[in-house]
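Novice: Pasting a structure below so you can have a look.
Values quoted throughout were computed directly from the atomic coordinates according to the rules given, and no laboratory measurement underlies them. Worth saying up front: this structure is predicted, and the values here are computed from it rather than measured. Because the Cβ atoms are built from the backbone with ideal geometry, glycine has one as well, and the counts that use them run over all protein chains shown.
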Amino acid sequence: MTAVSTLLMLGILATLGFVLGRRRALASVQGDSRRLHSLPHYYGWAVAIWTVLPASVLFLAWQTVAPLGNAGGFAVLALALGGLVWAWLRSSATFRARNAVERAVMGLLILASSIAIATTAGIVLSMLFETRNFFSQYDWTRFFFSTTWSPRFQGDSDLGFLPLLWGTLYISFIALLFAVPTGLFAAIYLSEYAGPRLRAIAKPLIEVLAGIPTIVYGLFALITVGPLLRDYFAQPLGLGNSGSSVMTAGLVMGIMLIPFVSSLSDDIISQVPQSLRDGSLGLGATKSETIRQVVLPAALPGIVGAVLLAASRAIGETMIVVLGAGAAAKLDLNPFEAMTTITVKIVGQLTGDTDFAAPETLVAFALGLTLFAFTLCLNVLALIIVRKYREQYE
Amino acid sequence: MTTETTKMTARSVQVFYGDNHAIKDVDVDILDNTVTAFIGPSGCGKSTFLRCLNRMNDTIDICRVQGEILMQGENIYDPRVDPVQLRAKVGMVFQKPNPFPKSIYDNVAYGPKIHGLTRSKAELDEVVEKSLRRAALWAEVKDRLHAPGTGLSGGQQQRLCIARAIATNPEVLLMDEPCSALDPIATAQVEELIDELRTQFAVVIVTHSMQQAARVSQRTAFFHLGNLVEYGETGQIFTTPRDPRTESYITGRIG
Ligand SMILES: Nc1ncnc2c1ncn2[C@@H]1O[C@H](COP(=O)(O)OP(=O)(O)O)[C@@H](O)[C@H]1O
Ligand SMILES: [Mg+2]
């Protein structure tokens, strides 16, 4: 018996259980459903759940140990039949089928949330494991404090993390420098000044930016923004002649981040109670004084949260950096110089011929874990701030 | 009673919200150093008319106001009048206390700061203290001026909002059901305060409580379905109303 046909049979048994359970419950009160503890279909569901649940646990357990085969298939179906009969026997007026189904639903919800949590834990654990391997082969002080990054696959590499951190922070900084004022001003205009009709058109248009795949932004950086910045800024100013640069990647990433900042800030600004605006206008403040002195301070914690979320997006971005800023790890102040980030190097170290025992490969996990720790801190900070803001008006 | 000078004069005021004709041809004189109460069943346009007096209706897109409202001889709807400056002269206190999420001090200092009324920190301190004293709140908050205004009790918050309105040095004070969110003790405190404020301002108060109108006001205007039905001395309105609709309202038959 194959896995598919077993599952099919399980489905048929469950349906049968539903019908039988419902019928038996009704029969136990001579068809007068008002005397049942629960609505009739709950009895059906209770039997169906008892048919499927233990059997599918066995099914999964069997499958992970060995292929199901005939023996397994019959064992699963026998268990399903047993569950069906047992639950069917209980289907009478006094059985609290509604509460039993409720518990099963709750179990399902718990299962779903634990899958998400377990996955996170699994990711962190696997990274931790590989990172430990890396640090057993490579001195951690050299990783965290060395200023050169030059992996050589023959061994004896310099795997200093500082140039990558610098590139990450520099590019993210430029992106935020561009995205935060633009996004915030757009949000203020949309929520405080624009009429409802303009708002209904402009808001979705801005949000379209968030739906563009980052590789498309990367292409835009590579073929448009990069050459433009090189020909009109870098070369005339004598700051180099590289098309890939921190500035290119930063600007394009900034464009990508605008909808994050504007859309969240817009929501937060709209949540500031109208009564505060009225209070300020009623004292003879102008609209912009009201925005600057009452609305923005009231919304500030939420806006900071939005900015931090945008920052963690910027730090984790890869595609735009590869195509916009290049792949050269460098510690430099010139924004028209090519540099690179942690994420790009993680991809770089794991593509091509990889030997999972060499530090040159394992370093990717150390980089990933550091990055994860970094964005986790940012996200936690953002959540704390946003939550604090929520409490203010409740 | 002090001499009765007219502070504001409204003549044939009409207000429309889109097609809804909310105020129909209202004439009222607001006297200085007098508490004028607007009463009437809810939805009759009391708040709408009150907001005409400081042009807060301008902030509602669909609202149109016709007619004229004179303040010391000048029509406040004249294009030369800046509504922002008008609102500094005609202060407003709202139904629900709405302190800014700032310190008590900064709440009161808000108006003086944006209008540049003071030249030094010392002078500003003085204005803040004076306004809080006039709002009968000073004793309760003088030790925590830098605590957030939102941390006060409802009654204290409403007195803070009154102090905030007084601090810009207005001539008229508009109050839209200022006690409806307060408990009886806080209400009594605010009512006492309103009586005291009349020595310096013309006060206009919207209220749904006839007892409150009788207690605090000298003049009463009764609105019904957007019309001003009757306007006169509070005592006369409550004892010998001229219009049958007023009589039914104050005896509790409509409303
Ligand atoms: N912001 C507004 N937009 C549209 N209609 C309004 C608005 N405010 C009040 N109205 C309408 O104007 C009328 C008078 O309302 P209002 O002045 O609030 O009455 P009151 O304060 O006496 O209860 C009501 O019919 C109300 O629906
Ligand atoms: Mg009202």
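Novice: Taking 7 Å along the Cα-to-C-beta vector as the label spot, tell me the B:Asn20-A:Leu237 distance in nanometres, rounded to one decimal.
Specialist: For the pair B:Asn20/A:Leu237, the computed spacing is 5.6 nm.
Novice: Taking 0.36 nm per residue of separation and subtracting the Cα-Cα distance, what length does fully extending A:Val57 through A:Thr15 add?
Specialist: Residue separation times 0.36 nm, minus the Cα-Cα distance, leaves 13.3 nm.
Novice: Mind ranking A:320-332, A:106-118 by how tightly packed they are, going by the mean number of other C-beta atoms within 10 angstrom, highest first?
Specialist: A:320-332, A:106-118
Novice: Quickly work out the A:Ser270-to-B:Glu68 label distance, labels modelled 7 Å from Cα along the C-beta direction, and quote it in nm with one decimal.
Specialist: Inter-label distance under the simple model: 4.3 nm.
Novice: Can you find, among A:Leu125, A:Ala186, A:Phe173, the residue sitting farthest towards the positive end of the charge dipole of the stretch A:107-208, where Lys and Arg contribute +1 and Asp and Glu -1 at Cβ?
Specialist: It is A:Ala186.
Novice: Can you give the net charge of the other residues whose Cβ lies under 10 Å from the Cβ of A:Trp166, counting K and R as +1 and D and E as -1?
Specialist: Charge balance near A:Trp166 sits at 0.
Novice: Enter the mean number of other protein chain beta carbons within 10 Å of the beta carbon of each residue in A:271-282, as an integer.
Specialist: Per residue, the average neighbour count from other chains is 6.
Novice: Okay, moving on. In the stretch A:333-394, which chymotrypsin sites (Phe, Trp or Tyr not before Pro) fall in coil by DSSP and have 12 or fewer other Cβ atoms within 10 Å?
Specialist: Listed in order of number, the matching sites are A:Phe356, A:Tyr393.
Novice: Within the stretch A:1-98, list the chymotrypsin sites (Phe, Trp or Tyr not before Pro) lying in a DSSP loop whose Cβ has at most 16 other Cβ atoms in a 10 Å radius.
Specialist: none
Novice: Peptides A:207-213, B:43-49, A:292-298: what's the order by average Cβ count within 10 Å, highest mean first?
Specialist: The packing order, highest mean first, is B:43-49, A:292-298, A:207-213.
Novice: Please compute the average number of Cβ atoms from other chains found within 10 Å of each residue's Cβ in peptide A:284-290.
Specialist: Mean partner-chain Cβ count within 10 Å for A:284-290: 5.
Novice: Further, regarding this structure: How big is the Cα convex hull of the protein assembly as shown in projection, averaged over all directions, in nm²?
Specialist: Average projection, Cα convex hull of the protein assembly as shown: 46.2 nm².
Novice: With each pseudo-label sitting 7 Å past Cα toward Cβ, what's the A:Phe356-B:Asp143 distance in nm, one decimal?
Specialist: 6.8 nm
Novice: A further question follows. Can you return the lysines within cross-link range of B:Lys24? Criterion is Cα-Cα under 23 Å, with same-chain partners fewer than 8 residues away left out.
Specialist: B:Lys7, B:Lys46
Novice: Based on Cα coordinates alone, diagonalise the gyration tensor for the stretch A:3-116, multiply each eigenvalue by 5, take square roots, and list the semi-axes in whole Å, largest first.
Specialist: For the stretch A:3-116, the semi-axes come out at 28, 17, 9 Å.
Novice: Right, another one. Within 10 Å of each Cβ of B:82-95, how many other protein chain Cβ atoms are there on average?
Specialist: The shielding value for this peptide is 3.
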